[in-house]
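This report concerns only the one structure given below.
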Amino acid sequence: MSIHDSRLIELPKIHDQRGNLTFIENSRHIPFDIKRVYYLYDVPGGAARAAHGHKALHQLMIAMSGSFDVTLDDGAEKKKYHLNRSYSGIYIPPMMWRDLDNFSSGAVCMVLASDYFDESDYYRNYDDFVKAVGVRAK
């Protein structure tokens, strides 16, 4: 996978004077079926999260409230996204290192994942990740 396989996905947004509604359907709005949902919240100012990669997991990351930055790294290139809308998210394919930072006060990051938690799917060490993707770290 390369950094170019990641992308911002705009989700359906139904406008209504009583409030907006956004929905996500398996393999229709995102390129995978959802098996797990988790979210990060109460992240202290200045803290960073993630700093890992996945071997096979696909994810969609959405700022449900507030904002934060996502930096993706395929071992050769990096790309930073600023998420701040609950109707769009960043698609993160497998073999992509991710770092999250710059959380606003009250930010909530929701992640839709293609599989159940499996520790063996993680790269927790950047050098191991770079070795697995077969490129030299910059």
| request: Please list, ordered by first then second residue, the pairs with beta carbon atoms under 9 Å, 6 or more apart or interchain, first in region 116-136 and within 15 Å of Ala56 (Cα to Cα) and in contact (Cβ under 8 Å) with a residue 24 or more places away in the chain, second in a helix (DSSP H, G or I) and of a type in the set (Gly, Ala, Ser). | output: Tyr123/Ala132
| request: For region 1-23, name all the residues that are within 15 Å of the chain's Cα centre (by Cα) and β-branched (Val, Ile, Thr). | output: Ile3, Ile9
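Looking only at region 14-56, count how many residues are of a type outside the set (A, V, I, L, M, F, W, C) and assigned to a loop (DSSP other than H, G, I, E, B).
The first filter runs over region 14-56 and keeps only residues of a type outside the set (A, V, I, L, M, F, W, C), leaving 15-20, 22, 25-29, 31, 33, 35-36, 38-39, 41-42, 44-46, 49, 52-55.
Still in the list and also assigned to a loop (DSSP other than H, G, I, E, B): 15-20, 25-29, 31, 33, 35, 42, 44-46, 55.
Selection size over region 14-56: 19.
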| task | State all residues of region 87-106 that are at pLDDT 95 or above and under 21 Å from Thr22 (Cα atoms); if no residue qualifies, say none. | result | Tyr87, Ser88, Gly89, Ile90, Tyr91, Ile92
| request: Would you check which residues across region 11-32 are surrounded by 12 or more Cβ atoms within 10 Å (Cβ to Cβ) and not β-branched (Val, Ile, Thr) and list them? | output: Leu11, Pro12, Lys13, Asn26, His29, Pro31, Phe32
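The values are calculated or read from the model by the stated rules, or taken from the named source; none is laboratory data. Since the structure is predicted, the reported quantities are computational estimates derived from the model, not experimental observations. Here the Cβ is made from the backbone with ideal geometry for all residues, glycine too, and neighbour counts use every protein chain on show.
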